[in-house]
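> Before I ask anything, here is the structure I am working with.
Read the figures in this text as sums done on the coordinates, not as results from a lab. Keep in mind the model is a prediction, meaning the values are calculated, not measured. No Cβ is skipped: glycine too gets one built from the backbone with ideal geometry, and neighbour counts run over all protein chains shown.
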Amino acid sequence: MAKVRPLPPNLQKVAIEELNEDPKRLEADIESLKTWIKQQPHLNARTDDQFLLAFLRGCKFSLEKAKSKIDKYYTLRSKFPEFFTLGDVNDPKYQEIVRLGVGLVLPKPLNEDGPRIMLIRNGIYDPKKYTLLDIMRVAQACNDILMWEDDYAIVNGFIHIGDLSGWTKEHFYQFNPSHMKKITVYSEEAMPLRPKASLMINVPSVFESIFNMLKPMMSEKQVNRMTIYASNYEQMYEKVPLKYLPKEYGGENGSIPEIIAEWEKKFNDYKEYFTEDAKYGTLEHLRPGKPIDFENLFGMEGSFRKLNVD
């Protein structure tokens, strides 16, 4: 038998009806991925049942898509560790970023059993102290934890709420087109978590012009999922009712200090996992067939610093 968590009935129903999950084929599908991984000379990947099941569910049980995602997941982490792997898990800056609460995974999913809600407070960190890459590494570590233990995020996907309060030019200047391209490809083609909507609140007036410049680096799906609100974001409650925001935002979905404390504990609990994770990845010189053209895929250079942002 496959060593996986049983889903509660409400999520099992969604997995069957929307993700094409067949409980009778679960073990066979997982074994197919294990066999395929063993046959790839360039790929050193985890083969834990729960880990592989996350990719199957994220790909609606298409074995070929799951294989592609697993390959890209490890390829991009090996090629760009500064973006997608935590590195030294004992580096105190990562604990500091967690304690800041830049990214908050809210305790109740939407409508109690829908998509997981993530609140990202983009402007809360000091850009003179932390880089975008520091923030990205912690964010990807958070995604990895969700892959392992959050069935609501895996089965129902997630809604991302970006709060741009306190967001400055200095935060913006940490981005460049190459960063955006890497983040887009990783989130769309490597991660099994399925984004359902991206809602931006407390958006400064300059963001609209900036967003228009970012669009070419984003996929069509990402652009279509995004809705931008100014400081008056009551309209957002049609998609995410107020009660599903944290207490500090007027809602009932946990308090920010409680959420931070819970995730600080999770990161400590996963330290050994992240240390072990460093041994997995790809060796491109062993890849069968044509090598990946990284320059063509991620060759966009340049920086937004040259732009005149008021």
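> Which of 191, 118, 236 ends up with the largest GNM mean-square fluctuation for the chain, with Cα atoms connected below 10 Å?
Taking springs between Cα atoms under 10 Å, the residue moving most is 236.
> Which percent of Cα pairs goes in each bin when the distances of region 135-221 are cut into 10 angstrom slices starting at zero?
Distribution as computed: 14, 45, 34, 7 percent.
> Starting from region 50-146, pick out the trypsin sites (Lys or Arg not before Pro) whose DSSP state is loop and whose Cβ has at most 12 other Cβ atoms within 10 Å. Provide the component values of the computation, followed by the final result.
Values: sites: 57, 60, 65, 67, 69, 72, 77, 79, 93, 99, 116, 121, 128, 129, 137; in loops: 60, 128, 129.
In loop regions of region 50-146 (DSSP not H, G, I, E or B), the sparsely surrounded trypsin sites (Lys or Arg not before Pro) are 128, 129.
> Label residue 20 and residue 227 with points 7 Å out from Cα along Cα→Cβ: what is the distance between them in nm?
Modelled inter-label distance: 2.9 nm.
> Taking only Cα atoms and a 10 Å spring cutoff, compute GNM fluctuations for the chain and point out the largest among 274, 55, 158.
274
> Ok, one more. For residue 64 and residue 220 in the same chain, what is the full-extension length gain: residue separation times 0.36 nm, less their Cα-Cα distance, in nm?
Difference between extended and current length: 53.9 nm.
> Related question: Quick one: which of 60/271; 79/181; 13/60; 182/290; 108/247; 93/247 span more than 19 angstrom between C-alpha atoms?
Details: 60/271 30 Å; 79/181 14 Å; 13/60 14 Å; 182/290 21 Å; 108/247 12 Å; 93/247 27 Å.
From the list (60/271; 79/181; 13/60; 182/290; 108/247; 93/247), the Cα-Cα distance tops 19 Å for 60/271; 182/290; 93/247.
> Would you be so kind as to identify all helices of the chain, as entire DSSP H runs, whose Cα atoms reach 15 Å or more along the helix's own axis and whose mean Kyte-Doolittle hydropathy is at least 0.5? Intermediate results must be reported in sequence, preceding the final value.
Working: long enough: 26-38 (19 Å, -0.18); 63-79 (24 Å, -1.29); 132-149 (26 Å, 0.64); 177-189 (18 Å, -0.97); 256-269 (20 Å, -0.69).
Those that clear 15 Å and a mean of 0.5 are 132-149.
> In vacuum, with every alpha carbon of the chain counted as one equal point scatterer, what does the Debye formula give for log10 I(q)/I(0) at q = 0.08, 0.13 Å⁻¹? Two decimals, please.
Calculated log10 I(q)/I(0) at the listed q: -0.36, -1.02.
> Still on this structure, I have one more. Using a simple spin-label model with points 7 Å from Cα along the Cα→Cβ vector, what separation in nm is obtained for residue 12 and residue 99?
Taking the two extended label points, one gets 4.3 nm.
> Now a separate question. Give the residue from 156, 95, 176 lying farthest towards the positive end of the charge dipole for region 86-206; charges sit on Cβ (+1 for Lys and Arg, -1 for Asp and Glu) and the dipole is referred to the Cα centre.
Working it through, the farthest residue towards the positive pole turns out to be 176.
> Most mobile of 283, 245, 193 per a Gaussian network model of the chain (Cα springs, under 10 Å)?
Highest fluctuation among the options: 283.
> Shifting gears a bit: Give me the one-decimal nm value for the distance between modelled label points at residue 264 and residue 248, 7 Å along each residue's Cα-to-Cβ direction.
1.3
> Going through the cross-link list 65/221; 3/69; 67/266; 239/265, which pairs have a Cα-Cα distance over 24 Å in this structure?
Working: 65/221 17 Å; 3/69 21 Å; 67/266 28 Å; 239/265 30 Å.
Going by Cα-Cα distance, 67/266; 239/265 fall outside the 24 Å limit.
> Using unit Cβ charges (K, R positive; D, E negative) and no other charged atoms, how large, in debye to the nearest 20, is the dipole of the chain about its Cα centre? Provide the component values of the computation, followed by the final result.
Details: 43 positive and 45 negative charges, 110 e Å.
Rounded to the nearest 20 debye, it is 540 debye.
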